Amino acid sequence: MANEANANVSGNNVAAASATTFFQLQRVYLKDASLELPNAPQVFLELETPQIDVQLEVSNSKVAEGIYEIVVRVTCTAKIKDKVLFLVECKQAGIFEMRGIPNEQFDPIVGIVCPGIIYPYLRANVADLINRTGLPPIHLAEINFEAMYQARQQQQQQPAAGIVASPASQTRQ
C-alpha cells in the first residue's frame, strides 16, 4: 500500500509537470504562393529534363504570449539551358501554442518539430501548383530538419570562434 501511495505521488508530479508544459498546433495555412512561367508557351516544346534548384528556409515569429507562427518557405526554380521553365515560391505556415517549454528545448522544437509538421502540407501545395501548369509535378524530397537545425547551429558558432586574433596581428599605435 505504501508503494501505491508513492506511485500516486510520482504520478501526480508527472501530471503537474505536463500540465505546465503545453504544445499544440492551432492552424496550418498557405501564407503565400507564387507561380511564374516566364517563357511559356515555348518551354512546353522543350524535350530536355530541367535542372531544378530548391531553396528552403524556416522562420518564426511571436504572435502573442505563448503563440508562435512558424513559416517554411521554399523557392523552386526549374531551368532548361538558360530559360526558366517555372519558378514557384510557397510559404506554408502554422500557428503553434507553446507554454512552459524549457529554454533549452524551445529552439529545437521551433527549428525541428514545427517545420516537420508543416512541411508535408508545403510539399503537397508545391506539387499541386506545378501540376496545374500542365507540367509533371515536382515532389520535394523529405527534409531532415534536425540535421538542418544542427548545421545552422554550427554555422552560427563558427564566426564567433573565427574572430580570435593572433598576437602577431595586433598593431601598435
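Values in this text are rule-based calculations from the coordinates and carry no lab data. Note that the structure is predicted; figures quoted are calculated from it, not measured. We place every Cβ from the backbone using ideal geometry, glycine too, and count neighbours over all the protein chains shown.
As an exercise, identify the trypsin sites (Lys or Arg not before Pro) in the stretch 15-115 lying in DSSP coil whose Cβ has no more than 12 other Cβ atoms within 10 Å.
Sites meeting the loop and neighbour criteria: K81.
In the stretch 89-122, which residues have a backbone nitrogen under 13 Å from the label point lying 7 Å from Q154's Cα in the Cα-to-Cβ direction?
none
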